Amino acid sequence: MSVLEWTQDRLDDLECFAHHLFQDMGNILDLNLLREDSINKQVDNVKMVERFRTRHPAVGTLYLTTTHLIFVDSAGKRETWILHTHMSSLEKQPLSAGGSPLLIRCKDFRCLTFVIPRDRECQDIYASLQELSKPADIEKLYAFVYASADGTEKSYGWDLYDTRSEYLRMGVPNQLWTLSSLNNKFELCDTYPKHLFVPASASTPIILGSSKFRSRGRLPVLSYFHSKTQAAICRCSQPLSGFRARCVEDEQMLHCILKSNPSKNSDFMYVVDTRPKINAMANKAAGKGYENDNHYTDIKFQFLGIENIHVMRASLQKLLDVCEMKNPTMSAFLQGLEASGWLKHIKAVVDTSVFIAEAVKGGHSVLVHCSDGWDRTAQTCSLSSLILDPYYRTIQGFQALIEKEWLSFGHKFTDRCGFLDTPDNKEVSPVFTQFVEATWQVMQQYPCAFQFNERFLLTIHDHVYSCQFGTFIGNCEKDRLDLRLNERTYSLWGHINKNMSEFLNPLYKKEYEVSHPMLSPNTSSQCFKFWKGMYQRYDVGLHPREQIADVLSAAKDHSDSLEDHVSLLEKRVTQICRILGKSEDVIQKKLNGGVSMESLDNLKETEDNIMEEKSEKIPINGNCDIKPEQSSKDTGDLIDFRSDNESGFDESSSQMSKSGHGDLNTVRTGIETGSLSLDSSVCSVGRDQLSLDLLVLEMSSVAIDWKSFRNIHNCSCASPFNSFTKKFHCWKCGEVFCMRCIAKNIPLPGHATRRPVPVCRPCYKEIRHSPSMEFPPQTNSLDS
């Protein structure tokens, strides 16, 4: 045994030991791994009261660390981790007989109350969390101290999107649209990306003049180009028109956009103002407003009435108040949902996006803006692009869409998500949350058109607010470059791409790219649903015991595993037939119940199927051959058979006696001694010895039955499952585990393809140390 092999064995032993210890102690191991100096406070005998489980609250210890608030129940079997940056609001409630309650509401819509025995300790925890949940300095956010546990390089994921490559995919630059270098140093507009695509006919004076006439310098630039109709979606901010002002260069800029569409239907273009018209008129008093249709020719103006960030913030709060109602009646819940206006606002975003997509499909270019062009404009440009382009409905494409429309074009994530402690929280608004939900609403109508699942959307939403990754930190591209986030923090896209299997939609049909290149969502009011998975994800008892997407995904994996296993078994049946000198047709009839075992064992073979006992080595087409020069006491009788590339029974391969009686014991002896060599074309794993040990290993290494997700509340390590936690099957034993317990991907001996599949730690150790097989180096599960 080499030093490397010995070291690997010792590591496996340690892993196995840790696994059993992990089972005994639950998740408490994770807590013990925390550095002592990272635990700021510890309070015992704390009660954790969940929103809909108030009768029997868990009792345990509360730990305050530099990054998390952690509750561990007294049995050490369950932990609740809350990132400081996920905390939305803290409320120290009046002292009660049981202690001092501290209510914590989170940005992922979790709501917990901790009842702390002493009021002074509660006050200390409250004051500490107030400071830690909203740091004053952006470099105090979690992303700057987070370190990946799986050894991922910080650079991984930051280069998955490139602006020029994405526009090149759309067919730009071309004769109509060109790349402008005027913003290479962010001098034209510091909240826009470096690379701006503008009409090829727009001169530099036109570009500069238009920029000066638009709020914050956000001039009209290309957002999406439809290669088939050659219509475009452009975006900008409101004009600085006031009551009388006009700008010839801005008028020329819009005319250039119109002329950049050579299609026959391009006799006019749309300017979509996503605001209610009354809001746009009010802005005129501040010297802003909207375009004067007397100055802009061949343009149709549309106001589509999406409310501002303040209305949306209040609407979400009303929705959350409804979600916190305990045992509401049907009428109370529906009235509260209606009064919040939340679904009405989601409908307005989808309505506007569908209008834009339909206009582009009809060959008309569209210019979209709101006030500053980074909230409602981002929502509608991105959603309309998703409706138009099937690429954006894939995992990679959706990442590119967010990078382009939200990150590059300057949605103010730091301000809108409330990452920092600021005296004015009026900038906070759930703009991105609405886009995520609008995407989910479209997914409900087209479940086969999206490569990703609901968990993908929830993961992105959660990590926008977690600040664990640097992807969404900052208000614009310039901010992220100045902070050197690609060097100092991890990318969310790298994390998602390494865990891709969690986010795949089992219903996805790639042929939808051809049959449904553009979606046509129904925006009737009754088509919009309350998203329980987003707003009440942590409310136990409100969700089905099995998520249909997870069940379908597991069924697909199970089917793939069984098909792979059947493929190997068919090869083994072929080999055994050749060894026995019997036709596969007869074996198949037996398997189908058409032939008795007695007739199979006593089957007579013709003389043409008998090999001369003293024949020399007979070469066979393919790679398999048998060498009769071996010692008879070691090898027994010798058998020659065809390559797996051929089908049917090889008439020259029978080694049975002329009497035709098949002696299975003779074959068994040959197999057990390993004298019957099989070629790689049959075994798929190199030159193996067909032994009973190998056959037993292959047949026992694949789980025929997989455990149902129904009524599975905890992993074997005691980690609790909620309705949206990804559950994993071990492909060998068929049991259900959490992500941490499915630690390895390894080829199973019972699979013909030998592709790495997820197995639990004990099964991984059992297979890897099997003396019958050799395996290539293994990779971490979900990291491969």
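Derivation of every value follows stated rules applied to the coordinates shown; laboratory data play no part. The structure presented is a predicted model; accordingly, all values stated were derived computationally and were not measured. Don't worry about glycine lacking a Cβ; one is built from the backbone with ideal geometry, like all the others, and counts go over all protein chains shown.
Stretch Gln335-Val573 to full length: gain in nm at 0.36 nm per residue minus the Cα-Cα span?
Gain on stretching Gln335 to Val573: 79.1 nm.
Cα gyration tensor of the range 163-537, axes a ≥ b ≥ c as square roots of the eigenvalues: rounded (a/c below 1.5), prolate (a/b > b/c) or oblate?
Verdict is rounded for the range 163-537.
Does the range 181-274 classify as rounded, prolate or oblate by the C-alpha gyration tensor (a ≥ b ≥ c root eigenvalues; a/c under 1.5 gives rounded; else a/b over b/c gives prolate, otherwise oblate)?
The shape class here is oblate.
Does the range 36-133 come out rounded, prolate or oblate by the C-alpha gyration tensor, with a ≥ b ≥ c the root eigenvalues, rounded set by a/c under 1.5 and, if not, prolate when a/b is larger than b/c and oblate if not?
The shape class here is rounded.
With a cut-off of 8 Å between alpha carbons and a minimum separation of six or more residues, what is the relative contact order of the range 36-133 in percent?
It comes to 25 percent, rounded to a whole number.
List the GluC sites (Glu not before Pro) in the range 111-165 that DSSP assigns to loop (not H, G, I, E or B) and whose Cβ has at most 11 other Cβ atoms within 10 Å. Which are they?
Glu153
Reachable lysines from Lys582, Cα under 29 Å, same-chain residues fewer than 8 places away excluded?
Straight-line reach from Lys582, under 29 Å: Lys571, Lys590, Lys604, Lys614, Lys617, Lys627, Lys633, Lys658.
Contact order normalised by length for the range 163-537, with contacts defined as Cα pairs under 8 Å and 6 or more residues apart; what percent is it?
Relative CO of the range 163-537 lands at 17 percent.
For Lys77, go through the lysines and keep the ones whose alpha-carbon is under 17 Å away, minus same-chain ones fewer than eight residues off.
Answer for Lys77, where 17 Å is the Cα cut-off: Lys47, listed by chain and number.
Using the structure shown, select from Lys361/Lys529; Lys92/Lys140; Lys140/Lys318; Lys529/Lys707; Lys194/Lys344; Lys264/Lys347 the pairs with a Cα to Cα distance greater than 29 angstrom.
Those over the limit are Lys140/Lys318; Lys529/Lys707; Lys194/Lys344; Lys264/Lys347.
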